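The structure under discussion appears below in the form of structure tokens.
What follows is calculated from the coordinates using simple rules that are stated; it is not laboratory data. Computed from a predicted structure; not experimentally measured. Quick reminder, even Gly has a Cβ in these numbers, built from the backbone with ideal geometry, and neighbours come from all protein chains shown.
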Protein chains: 2
Amino acid sequence: MNTPRLPKHLLSPKARRATDPLIAWLLRMPLEDPQIISLAAGFVDQQSLPVEEVAECAKELFSSNEGKSSLQYGTTPGYLPLREDLCRMFESQGVSKRISPDDIVLTGGSQQLLHLVTDVLINEGDIVLVEDPTYYVYTGTLQAAGAKVVGVALDENGIIPDALDEKLRSLSKSAGIKKLKLVYLMTYFQNPTGATLTWERKQKVYEILTKYCDLGRTTFVIEDAAYRELQFEGDAIQYLKSLDTENRSVVLLGSFSKSFSPGLRVGFGWLPPQLLVHVMRQKGSEDFGSSHFCQHLIHRAIASGRYSRHVRMLKALYRQKANLMLKSVAERFPNGAEVIKPRGGMFVWASLPGVNTGFKSSLFKEALKRKVLYVPGEFCYCREPRIRKPVNKMRLTFGMVPEQNIIEGMRRLGEAVQKVLS
Amino acid sequence: MNTPRLPKHLLSPKARRATDPLIAWLLRMPLEDPQIISLAAGFVDQQSLPVEEVAECAKELFSSNEGKSSLQYGTTPGYLPLREDLCRMFESQGVSKRISPDDIVLTGGSQQLLHLVTDVLINEGDIVLVEDPTYYVYTGTLQAAGAKVVGVALDENGIIPDALDEKLRSLSKSAGIKKLKLVYLMTYFQNPTGATLTWERKQKVYEILTKYCDLGRTTFVIEDAAYRELQFEGDAIQYLKSLDTENRSVVLLGSFSKSFSPGLRVGFGWLPPQLLVHVMRQKGSEDFGSSHFCQHLIHRAIASGRYSRHVRMLKALYRQKANLMLKSVAERFPNGAEVIKPRGGMFVWASLPGVNTGFKSSLFKEALKRKVLYVPGEFCYCREPRIRKPVNKMRLTFGMVPEQNIIEGMRRLGEAVQKVLS
């Protein structure tokens, strides 16, 4: 790319540290060649987007008294009735304490809340613990903010308590614990692995964090539940947030992007008040609040029951697509290939026996030749030079991919794997 | 307020520097007491919000092929057809060079673009020149970013070239010129004064900037044209941006908030590519792009002609309200009171003879007693301790205020002034 750039010394420290991730290139490719089947992009299913539902909500809104005010400026925390809906939603999901809408903020997707919390808390050299592998967009945000990102291993049941304990113990010894600002956990159908943190582990994890950290003061936990609504198998699992009975230490964040529509860009957070005050100030200075109109639409979708009907439909759809992808992986990948079976969300994490999946690997080249894309596992691991990371993993997504393309994409990918193995 | 806060040393430098402006309190008051007439809030006229227009655009959108994709993720720069609309709009407004939609970014209001440019460029101690008085929300953003905000006097024709020349000359002597990152100018119906930078002055200002600054490298100019569409008097004046024929030095920013609907939160910027690349990276990391759906609606409003019809109607409405406010000021304020007569926008800047308008002044107290609010001029001047600023100014807005409240609000305010003078 020949885009001119400013010399680094003229940029802010954050802009100096920011990079264009390779992944951006990867996600742009299918736009340039429609023959490509992307099992890489984390977009949501296109056909099921709630056109009728939003159309009806808009119609209702515009024939109500609220039509005009939805087009006026809102407030920085966002439309109160939607924040009240969220309180009821959390309560119906088993969070027992009374929740105040004053503790909720509506954002431009949950990504904006990740950015805001990071921007408010991180000083250069601060430490952030994340599951390893984790959501690579956020590690980019963290690195640009100057944080040192430290990975803790996870398995199909989420972050491994013993690994967390060990990491925190070693941080305590080195006084690094005082620089530990955030612990970032995707507790449901994690990106990229699809792993879910079990309730038993949540309790252990919270206990360990309490043991080592000054929670709610020096260290906060982010529970990223962006995919939670898309659970298509098993019983619902309580939020980690429900262990934070005083609303002191855990930032719970979620989104209507996956469960309804990413085009409306409505995410939300439930934050401890001593952190929220700073986040709100920052948000006010950045945008005065997100689209009031979109917040009204989501509120109408919830109040009318359209939202929950839509989510029910989506769950059935994603279950079906997940099963199809798992079946295709079993058929197309060689013996010894393994997957984490997701209970929700849109990702399947696959391990290939003795095959390097990296961006510069033969497999990636062979896949590209056959016009199929996946996310190389290496993009999702923290960059910790002294620690060896697996090189045989990949993230496959069934979110946006139509069923016939899951089948055809996995056929092509299976062929690429065979080619490399032969 | 008893909101708990985190101790400063645990916050990022930006969050440490951020403050809650008094103005926030001022703007919240009318929400708490509906008897209050606020001539302070910079909201847009409520009755004229384009409910029918947006309803029709939504209906068309949802019965088109684009309905679904409008609810999917968009791209970080934003919906291409809307960026193309903007290119045509700039061209129709007399910017002669060919404009590429690749140089345009759509944001969550123009405020987000101010934030992004600041976040990308400002290091602690960098200097930003602004008109004095200026848009106080942005000076807050700048101060939180660690910038030193330096004011240059303006009159009814915008920033004063001689004052700019003098300030730049003194910066050149002190080598401060190397730290001059941004020059922020509101060129149309400035907030708070309503002043408009004439074409003659634009040419002089650009010449002076070129003489002293390494434009497009060390120093960028922000031309904030957020109110430009609301011109209700006189001939259109070319953008300062049109002097930047190579698209190297001027960030032009605008918004559909004032001219259509703030609830949709769609702003835009036309940026030099060497700066845009960093802004886009930052925006991608913050929110992946603003609401795709709202961008589709605005595009439909423009393509269908509804947008330009709406703007025509708004101009007539704002002209009428501006005239009413000017008439009320003349009637209610004592001899010697002066105003800058706005040619557009929503603000009237008034000077009272020998009356202190400050937040702690008798006048403000008397006004509050009579349930009428204005923005004390002192909030709008840069905080430069060694420079004396006028204390007898106030910003009045007719934007959101219904006509009968302009009359009644000015009656109350006139009474408060009489009381203080007597």
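Observations
- Paramagnetic reach from B:SER92 in region B:246-261 [backbone N under 16 Å; point 7 Å along Cα→Cβ]: B:255-256, B:259-260
- Within the same chain, lysines fewer than 8 places from B:LYS178 are excluded, and of the rest, those with a Cα less than 17 Å from its Cα are A:LYS8, B:LYS148, B:LYS167, B:LYS211.
- Mean separation of Cα contacts under 8 Å (6+ apart) over length of region A:64-304, as relative contact order %: 28 percent
- For A:ARG88, the distances from its label point to the matching points in the remaining copies are 4.4 nm, ordered from shortest, with each point set 7 Å beyond Cα toward Cβ.
- Counted by neighbouring Cβ atoms within 10 Å, the residues B:ILE23, B:ILE387 run from fewest to most as B:ILE387, B:ILE23.
- For region A:1-78, the set of chymotrypsin sites (Phe, Trp or Tyr not before Pro) satisfying both a DSSP loop assignment and a count of at most 11 other C-beta atoms within 10 Å is empty.
- Cβ-based net charge around A:ASP165, under 14 Å, with every Lys or Arg adding one and every Asp or Glu removing one: +3
- Length-normalised contact order of region A:108-251 in % [C-alpha pairs under 8 Å, at least 6 apart]: 22 percent
- Each copy carries a label point for A:ARG386 at 7 Å from Cα along the beta-carbon vector; from one copy to the others these points are 4.9 nm apart, nearest first.
- Among B:MET394, A:MET313, the order by Cβ neighbours within 10 angstrom, fewest to most, reads A:MET313, B:MET394.
- Inter-label distance for A:LEU80 and A:LYS173, nm, one decimal - labels placed 7 Å from Cα along Cα-to-Cβ: 5.4 nm
- Space enclosed by the convex hull of the alpha-carbon atoms of the protein assembly as shown, per residue, Å³: 157 Å³
- Label point distance in nm, A:ARG17-B:MET313, each placed 7 Å from Cα along Cα→Cβ: 4.9 nm
- For residues of A:17-27, the mean tally of beta carbons on other chains within 10 Å: 2
- Sorted into 5 angstrom bins from 0, the C-alpha pair distances of region A:64-304 split as 1, 6, 14, 19, 20, 17, 11, 6, 3, 1, 0, 0, 0 percent.
- Inter-probe distance in nm under a simple model that places probes 7 Å from Cα toward Cβ, at A:THR198 and B:ARG386: 6.8 nm
- Of all aspartates and glutamates in the structure, those lying under 20 Å Cα to Cα from A:LYS365, and not within fewer than 8 positions of it along the same chain, are A:GLU32, A:ASP33, A:GLU378, A:GLU408, A:GLU415.
- Between region B:26-67 and region A:263-315, the alpha-carbon center distance in angstrom: 18 Å
- Each copy carries B:PRO34; placing its label point 7 Å along the C-beta direction from Cα gives inter-copy distances of 5.3 nm, listed from smallest up.
- DSSP beta bridges confined to chain B are antiparallel in about 50 percent of cases.
- Given R0 = 35 Å, the distance between the Cβ atoms of A:GLU403 and A:GLN238 translates into a calculated FRET efficiency of 0.60.
- Cα centre as origin, Lys/Arg/Asp/Glu Cβ charges: region B:66-304 dipole, Debye: 500 debye
- Qualifying lysines (Cα of each under 26 Å from Cα of B:LYS369; at least 8 residues distant if same chain): B:LYS321, B:LYS327, B:LYS360, B:LYS393, B:LYS419
- Percent RCO, i.e. relative contact order, over chain A, from Cα pairs under 8 Å lying at least 6 residues apart: 22 percent
- Loop sites in region A:55-138: trypsin sites (Lys or Arg not before Pro), DSSP, at most 14 other Cβ within 10 Å: A:LYS97, A:ARG98
- Separation of alpha-carbon centers, region B:79-102 and region B:190-250, rounded to whole Å: 18 Å
- Scaled radius of gyration (Cα, divided by 2.2 N^0.38 Å) that chain A gives: 0.98
- When the convex hull of its Cα atoms is projected in every direction, mean area for region B:208-335 (nm²): 11.7 nm²
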